[in-house]
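None of the figures in this text is laboratory data; all of them are computed from the coordinates on show. Note that the structure is predicted; figures quoted are calculated from it, not measured. Every residue, glycine as well, gets a Cβ built from its backbone with ideal geometry; the counts of neighbours run over all protein chains shown.
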Amino acid sequence: MNVFRLAGDMMHLLSIVVLLLKITGIKSCRGISLKTQELYLLVFITRYLDIFTNFVSLYNTVMKLVFLGTSSAIVYYMRYDRIIKLTYDKEQDTFKYLLLVAPSAVLALATSHVYTVLEVLWTFSIYLEAVAIMPQLVLLQRTQNIDNLTGNYVFLLGSYRGLYILNWIYRFFTEKHYRQWLVWTCGVVQTIIYCDFFYYYFLSWQNNEKLALPA
Amino acid sequence: GSETASKDEL
């Protein structure tokens, strides 16, 4: 495992921890899209079905369990916690699941490398992860006074994607048989989706102003 | 392509 991959995983983990701390600490999930969180949970479930059949390393198994556990916890808090659920911006979080899930499913069925349940679901998870942030970005545009933690959450998530691309470039040159067009294409698309957000994030940081995305 | 290589990533 190279340094980019490890740093990417840590950013990913940190983003989730930041979000969990925000939600449980201030008892508020204002500005957070439940749709994005549920889509990520679906991504993890469909991707990590191989958790007991395909052992890679203790690190991988532990991280998979942590991602499944923490994203389940986030969805649980937002949906069922007596206090936290009252702070969810349900009326603003209007993105349609089907708009992201259906194309991902069709593409997975059309392009899966092998037609086994695990492989098709894994391919589905790659497509879905690429677009799962969209409800969150739309919600951010609609939210006035985005708090720092929400901005940092999306920033950390975007950093994770950027670092994974560096990891792939590194592996491309150091591993002979490392050729994964599907994963790379989706990863690049996913990172491009963040570009606009990054631009305004850095702008607000540079000017020492609160983050606000133009509608 | 190699369908299993990326399964070592998260």
Exposure proxy check: A:Val183, A:Val189 ranked by fewest other beta carbons within 10 Å?
-> A:Val189, A:Val183
Stretched out fully, how many nm does the piece from A:Glu209 to A:Thr94 gain, at 0.36 nm a residue minus the Cα gap?
-> 38.6 nm
Mind grabbing the base-10 log of I(q)/I(0) for the range A:51-109 at q = 0.14 Å⁻¹? Debye formula, identical points on the C-alpha positions, no solvent, two decimal places.
-> -0.70
Report, in whole Å, the centroid distance computed from the Cα atoms of the range A:132-162 and the range A:24-102.
-> 15 Å
Got a sec? How would A:Glu38, A:Glu129 order by Cβ neighbour count within 10 Å, fewest to most?
-> A:Glu38, A:Glu129
Largest-first semi-axes in Å of the equivalent ellipsoid built from the Cα gyration tensor of the protein assembly as shown are 29, 20, 17
In degrees from 0 to 90, rounded to the nearest 10, what is the angle of the helix A:181-206 Cα long axis to the longest principal axis of chain A?
-> 30 degrees
If one takes the longest principal axis of the Cα atoms in chain A, at what angle in degrees, from 0 to 90 and to the nearest 10, does the Cα axis of helix A:97-111 lie?
-> 10 degrees
For A:Leu86, placing the label point 7 angstrom along Cα-to-beta-carbon and taking the range A:29-61, residues whose amide nitrogen sits under 19 Å are A:29-32
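Could you give the size of the charge dipole of the range A:141-215 about its Cα centre, using +1 on the Cβ of each K and R and -1 on the Cβ of each D and E, expressed in debye and rounded to the nearest 20? Before the final figure, lay out the partial values.
On the way: 6 positive and 4 negative charges, 60 e Å.
The dipole of the range A:141-215 has a size of about 280 debye.
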Tilt of helix A:148-174 relative to the longest C-alpha principal axis of chain A, in degrees (0 to 90, nearest 10)?
-> 20 degrees
Label-point separation in nm, A:Trp181 to A:Ile45, each point 7 Å along Cα→Cβ | 3.2 nm
Run the quick spin-label model on A:Ser57 and A:Thr111: label points 7 Å from Cα toward the beta carbon, then report their separation in nm to one decimal.
-> 2.8 nm
Which lysines, on any chain, are close to A:Lys22 with Cα under 23 Å apart, when same-chain ones fewer than 8 places away are left out?
-> A:Lys35, A:Lys64, A:Lys85, A:Lys90, A:Lys210
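Roughly how big is the protein assembly as shown's charge dipole about its Cα centre, with Cβ charges of +1 (Lys, Arg) and -1 (Asp, Glu), in debye to the nearest 20? Don't skip to the end; give the middle numbers.
On the way: 19 positive and 16 negative charges, 66 e Å.
Rounded to the nearest 20 debye, it is 320 debye.
Just order A:197-205, A:156-164 by mean Cβ neighbour count inside 10 Å, highest at the front, would you?
Working: A:197-205: 15.1, A:156-164: 21.4.
Ranked from most to least packed, the peptides come out as A:156-164, A:197-205.
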Exposure proxy check on A:Arg47, A:Arg171: fewest-to-most Cβ neighbours within 10 Å is A:Arg171, A:Arg47
